[in-house]
């Protein structure tokens, strides 16, 4: 039971960090787009 639980928490951590990375990328892309929109 313990190894499975550890594995699940590891997967959850990886998923959360990936989610954060995606959100940062998305925010930076959105920021770039809004900056470009200002120059149009």
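Some values worked out for this structure:
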{"quantity": "Answer label, with Cα Rg over 2.2 N^0.38 Å calculated from the coordinates and candidates [x] 1.49; [y] 1.63; [z] 1.93", "calculated": "[z]"}
{"quantity": "Principal-axis tilt of helix 2-39 within the chain, Cα atoms, nearest 10 degrees", "calculated": "0"}
{"quantity": "Full-extension gain in nm, residue 11 to residue 34, via 0.36 nm per residue minus C-alpha separation", "calculated": "4.9 nm"}
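Read-outs throughout are calculated quantities, based only on the coordinates presented, and are distinct from any laboratory measurement. The shown structure was predicted, so the numbers you read here are calculated from the model rather than taken from an experiment.
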